[in-house]
Amino acid sequence: MPNIKPVSDLRNYNEVLRDIAMGQPVFLTKNGRGRYALMDLQEYEKMRATMRLFSELNHGCQSAAEQGWQSLDEVEAELGVAQ
């Protein structure tokens, strides 16, 4: 169940920070609408790394669509790996 609190609860920020756990961010609302998310820094870094990975994969797919795919043999030859 998501942990949702009004942003005014930040007056007692220690209590809000105590509710943050790995995989369980605290969502803050302002005027009854979702506005902010507080999460563990390690989880944030993992999320950013995942987003970078997906971005690179997307770039690779776009490049392959424009320039064509390489076969496994071509990749191995380019890397100098013999089978």
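For Thr50, are the conditions met, namely being touching a residue at least 12 places away in the same chain (Cβ under 8 Å), within 30 Å of Asn14 (Cβ to Cβ) and of a type in the set (Ser, Thr, Tyr)?
Working: touching a residue at least 12 places away in the same chain (Cβ under 8 Å): no; within 30 Å of Asn14 (Cβ to Cβ): yes; of a type in the set (Ser, Thr, Tyr): yes.
The answer is no for Thr50.
Which one is farthest from the chain's Cα centre (by Cα) among residues in region 16-38 that are of a type outside the set (Gly, Ala, Ser), more than 12 Å from Pro2 (Cβ to Cβ) and open to solvent by 60 Å² or more (accessible area, probe 1.4 Å)?
Looking at residues that are of a type outside the set (Gly, Ala, Ser), more than 12 Å from Pro2 (Cβ to Cβ) and open to solvent by 60 Å² or more (accessible area, probe 1.4 Å), I get Asn31.
Considering each of Met47, Met51 in turn, give the residue that is open to solvent by 100 Å² or more (accessible area, probe 1.4 Å), of a type outside the set (Asp, Glu) and under 18 Å from the mean Cα position of the chain (by Cα). Walk me through how you get there before you give the answer.
Working: Met47 fails: open to solvent by 100 Å² or more (accessible area, probe 1.4 Å).
Of the residues listed, the single one that is open to solvent by 100 Å² or more (accessible area, probe 1.4 Å), of a type outside the set (Asp, Glu) and under 18 Å from the mean Cα position of the chain (by Cα) is Met51.
The values are calculated or read from the model by the stated rules, or taken from the named source; none is laboratory data. What you are looking at is a predicted structure, and each value in this text was computed from that prediction instead of being measured. Here the Cβ is made from the backbone with ideal geometry for all residues, glycine too, and neighbour counts use every protein chain on show. Surface accessibility is based on the protein's heavy atoms, side chains included, excluding ligands, DNA and RNA. Shrake-Rupley method; radii C 1.70, N 1.55, O 1.52, S 1.80 Å.
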